[in-house]
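A.B. asks: Dropping the structure in here first, questions after.
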Amino acid sequence: MKFLLTIWLLLLATVSWSQTGCFQAIQDGQVVDVICANKPVFFRDCAPPDPNTVIFYYPGPEKFSIQTNVLTGEQPTEYKTPGTYIVTQIINKKDGGLTQFFEKTYTVKAADTTPEFTATACANNAVSMTITDDTYDSYTINFGDGTSQAAQPKATVTHNYTTSGTFTITVSGTFTGSTCSATSTKQITTLPPFKLPYLQNLAITQQGTAGEVWLDIRDLQPGYLYIIERWQDPRTNFQKIDTIRNVTQNSISHTLRNVNTAEGVWYLVRITDECSSVTGISNSNIISSIALEVAPGNEQASLKWQAFPGASQYEIYRNNTRITTLNSNTFTFTDEDLSCGQTYTYFIKGVGPDGSTSTSAAQSIRATSTVIPNAPYVLASFNLNNQVELSINLPQNKLAQKIDIQRSINGAAYQNLASVTQPQYTDAIPSLNPICYRATFTDPCNNTSPVSNIACPIILTAKRDGEGSVQLSWTPYTGFPGGVWQYTVEVLDAGGALLTSYAATGTTYTDRVLSNEVQLLRYRIKASSNQGTEVTYSNIEQIEQDLQLYIPSAFTPNGDGLNDVLEIKGRFIQTYTLKVYNSLGNVVFQSDGNTNWDGTYQGKQLPAGAYAYEVTVKTNFGTTKRRTGTVTLLR
């Protein structure tokens, strides 16, 4: 055929003839102006039939040339690549007639692109749809409820269903003058009836022109949008400042950043949807933010806050503890009796009649003062190591950056002892002489107190008398505001635990009932205040009781059960050893205290007579004592 066409072309002449070119593209049995890619298409002559002509088609894309292949008659072809194609109709006249060319431009488009769209459920059974692409010339939306609607590319369409439920939406895209089309589907479930959101809590987390607000929002519904609005200027309405989307739970915490929190303003949350179909009352309760200012004064803090109406009361918090509650018409408060140098942090909580709350940002101040503090109170007492422990009690709510302690020994002038920052001090005194203390303190505002009371701890002395009693005497305690109510004599064991005690009158006591169990007697005096709330102790004095050793002068080992052995007895004995010697100085008996002598040596009875002994004792106190003498063996 190409050969035939080529021959005809060589015979072209300038003579014209009356054939007029007319052809159409046929796809899917229809005449089309736009050709779908990857689908069969052929071209059909639309001029009156002429048996003396032969028609060919060149499918493009470029203009026809005699070196290219052509389609014969209605031979089908497929276009693989979208684009613009110049289709040429070639009409050859038989028997050496002329050849005519007719051109027509077609657009080939891809028909396999799925239309893209979004569908969002709205209130009142509405749905908002947006065609998000422009691939096709036009679109048809089937809403799944028996209704359809045409739409243009990038168009947004709102549709209202007559009932609630889940529907399948189908979007079809088509090209004008073409049989090409494609579809895509989505399911949409209508939203439940809306309910009003509830603003439970509002808190200013950062106060300033670029501050932060924290919101606790309740009663939310997935699928709806929530607009946060604020009102500050009486000349305007509430202004939108943020939108919360993609809600998945019924309560959330939300933070607003870079908002002006330097003044108290109203906040609310408004419910809406993508279709703006929420009608009627749609906002939450209204809460006013609180802008707080705190200024330090002379041992006080002045609080002032600004807020719009809405709270039924205001709670004042200092260092996270509520200190008072004020009515809704009060916007100032003075916190008095603060401690100089201490940092105090305040915040205000407004409580609404519905239980909602608004909390200000926390504000901190450091208290100042020019007031001279009252004198401290000093308590002096000995510990178990005979050191004086001082407790410097500051006036209530006062702090000290320095405490100066002075000491007087034996009535001499007071001398500086120490400067400390803590209200306890231990003085390892060099000797047990009468001693007294006093102190002052300087607060963090550099105000120095007057001198404290004078505190003189009890000095105890103890000695044995010739009758075996212990004589105790002590200096009176000086320092209790109301004086001493009671002195008590205490006897302690080696670990400091109380063994016994006796009430005493005056500043002397004689202990005539000494312990038979404890060799080392440890005495101290306890003084109780008239109020009964304070005690102080003296130094500890130790008295060692004499070792008591009982050795018989004779024994009779005759088996009658009376004085059959030489046995060592006594008090305050921890261990002892016993050696017995005969008249020649030989050891005839030796014991570590576990056995007694029965008058034998190496299993044989020794003759009656006098025998020397040596006893070495280790007392309960740890000292070693040695006794010697003679014992008579009787038979």
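The values are calculated or read from the model by the stated rules, or taken from the named source; none is laboratory data. All figures in this text were calculated on a predicted structure; none of them were measured in a lab. Heads up, the Cβs are rebuilt from the backbone with ideal geometry, glycines too, and the neighbour counts pull from every protein chain shown. The protein model used for the area step is the full one, side chains on, heavy atoms only, and it has no ligands, DNA or RNA in it. Shrake-Rupley method; radii C 1.70, N 1.55, O 1.52, S 1.80 Å.
A.B. asks: Just give me the residues in the range 429-455 being part of a strand (DSSP E or B) and either hydrophobic (A, V, I, L, M, F, W, C) or more than 43 Å from the chain's Cα centre (by Cα) (or both), in sequence order. If you could, list the steps in order and put the result at the bottom.
C.D. replies: Let us first name the residues in the range 429-455 that are part of a strand (DSSP E or B), namely 435-442, 448, 455.
Listed by number, the residues that qualify are Ile435, Cys436, Tyr437, Arg438, Ala439, Phe441, Ala455.
A.B. asks: Taking only pairs six or more apart or across chains, which ones have beta-carbon atoms under 6 Å, a first residue in the range 32-50 that is surrounded by fewer than 16 Cβ atoms within 10 Å (Cβ to Cβ), and a second residue that is β-branched (Val, Ile, Thr)?
C.D. replies: Arg44/Ile26; Ala47/Thr20
A.B. asks: OK, next. What residue, among those in the range 102-134 that are open to solvent by 50 Å² or more (accessible area, probe 1.4 Å) and at pLDDT below 90, is farthest from Gln27 (Cα to Cα)?
C.D. replies: Of everything passing the filter in the range 102-134, Thr113 is farthest from Gln27 (Cα to Cα).
A.B. asks: Ok, one more. Restricting to the range 71-88, give me the number of residues that are assigned to a loop (DSSP other than H, G, I, E, B) and either open to solvent by 40 Å² or more (accessible area, probe 1.4 Å) or over 22 Å from Asp33 (Cβ atoms) (or both).
C.D. replies: Here the count works out to 7.
A.B. asks: Which residues, taken from the range 150-179, are among the β-branched types (Val, Ile, Thr) and either open to solvent by 30 Å² or more (accessible area, probe 1.4 Å) or in contact with a Cys (Cβ under 8 Å, 6 or more places away or on another chain) (or both)? Working first, answer last.
C.D. replies: Here is the first cut: in the range 150-179, the ones among the β-branched types (Val, Ile, Thr) are 156-158, 162-163, 166, 168-171, 174, 176, 179.
Passing the criteria: Thr156, Thr158, Thr162, Thr163, Thr166, Thr168, Thr170, Thr174, Thr176, Thr179.
A.B. asks: List pairs: first residue in the range 590-613 and over 17 Å from Ile568 (Cα atoms), second residue among the hydrophobic types (A, V, I, L, M, F, W, C) and open to solvent by 70 Å² or more (accessible area, probe 1.4 Å) anywhere in the structure, Cβ distance under 9 angstrom, at least six positions apart or on different chains.
C.D. replies: As it stands, the answer is Ala608/Leu634, since those pairs meet every condition given.
A.B. asks: Could you check, for the range 253-266, whether at least one of its residues is open to solvent by less than 20 Å² (accessible area, probe 1.4 Å), part of a loop (DSSP other than H, G, I, E, B) and farther than 14 Å from Ile286 by Cβ?
C.D. replies: yes
A.B. asks: Among what's in the range 496-516 and is touching a Leu at 6+ places or on another chain (Cβ under 9 Å) and open to solvent by 70 Å² or more (accessible area, probe 1.4 Å), pick the residue that is nearest to Leu384 (Cα to Cα).
C.D. replies: Among those residues, the one meeting the criterion is Leu498.
A.B. asks: Take the residues in the range 278-301 that are more than 21 Å from Ser360 (Cα to Cα) and of a type in the set (Ser, Thr, Tyr), then tell me which one is least open to solvent (accessible area, probe 1.4 Å).
C.D. replies: It comes out as Ser282.
A.B. asks: Condition test on Val631, is it part of a strand (DSSP E or B), aliphatic (A, V, I, L, M), under 27 Å from Gly468 (Cα atoms) and more than 60 Å from the chain's Cα centre (by Cα)?
C.D. replies: It is false that Val631 is part of a strand (DSSP E or B), aliphatic (A, V, I, L, M), under 27 Å from Gly468 (Cα atoms) and more than 60 Å from the chain's Cα centre (by Cα).
A.B. asks: Looking at Asp242, Asp216, which is the one that is farther than 30 Å from Thr162 by Cβ, open to solvent by 40 Å² or more (accessible area, probe 1.4 Å), without any contact (Cβ under 8 Å) to a residue 40 or more places away in the chain and acidic (Asp, Glu)? Don't jump to the end; show me each part of the working.
C.D. replies: Values: Asp216 fails: open to solvent by 40 Å² or more (accessible area, probe 1.4 Å).
The match here is Asp242.
A.B. asks: Which members of the range 402-426 meet the condition of being among the β-branched types (Val, Ile, Thr) and not in a strand (DSSP E or B)?
C.D. replies: Taking the range 402-426 and keeping what is among the β-branched types (Val, Ile, Thr), we get 403, 405, 409, 420-421, 426.
Scanning the range 402-426 gives a single hit, Thr421.
A.B. asks: Taking the range 185-213, which residues are open to solvent by 20 Å² or more (accessible area, probe 1.4 Å) and within 30 Å of Ala110 (Cβ to Cβ)?
C.D. replies: Residues satisfying the conditions are Thr185, Lys186, Gln187.
A.B. asks: Now a separate question. Checking the condition open to solvent by 30 Å² or more (accessible area, probe 1.4 Å), closer than 23 Å to Asp354 by Cβ, among the basic types (Lys, Arg) and more than 27 Å from the chain's Cα centre (by Cα), which residue from Arg235, Arg270 passes?
C.D. replies: Arg270
A.B. asks: Which ones in the range 466-492 are open to solvent by 50 Å² or more (accessible area, probe 1.4 Å) and either over 18 Å from Val535 (Cα atoms) or basic (Lys, Arg) (or both)?
C.D. replies: Gly466, Glu467, Gln471, listed by residue number.
A.B. asks: Applying the selection to the range 576-593, what residues are among the hydroxyl-bearing types (Ser, Thr, Tyr) and farther than 30 Å from Phe621 by Cβ?
C.D. replies: Passing the criteria: only Ser583.
A.B. asks: Same structure, new question: Looking at Gln545, Gln531, can you tell me which residue is open to solvent by less than 40 Å² (accessible area, probe 1.4 Å) and modelled with pLDDT under 95?
C.D. replies: Gln545
A.B. asks: Let me ask you something else. Filter the range 345-384 down to residues that are open to solvent by 40 Å² or more (accessible area, probe 1.4 Å), polar (S, T, N, Q) and not in a strand (DSSP E or B), then give me how many there are.
C.D. replies: Residues meeting the conditions: 2.
A.B. asks: In this structure, does Asn397 turn out to be part of a loop (DSSP other than H, G, I, E, B) and either more than 30 Å from Asn260 (Cβ to Cβ) or of a type in the set (Gly, Ala, Ser) (or both)? Reasoning before the result, please.
C.D. replies: Working: part of a loop (DSSP other than H, G, I, E, B): yes; either more than 30 Å from Asn260 (Cβ to Cβ) or of a type in the set (Gly, Ala, Ser) (or both): yes.
It is true that Asn397 is part of a loop (DSSP other than H, G, I, E, B) and either more than 30 Å from Asn260 (Cβ to Cβ) or of a type in the set (Gly, Ala, Ser) (or both).
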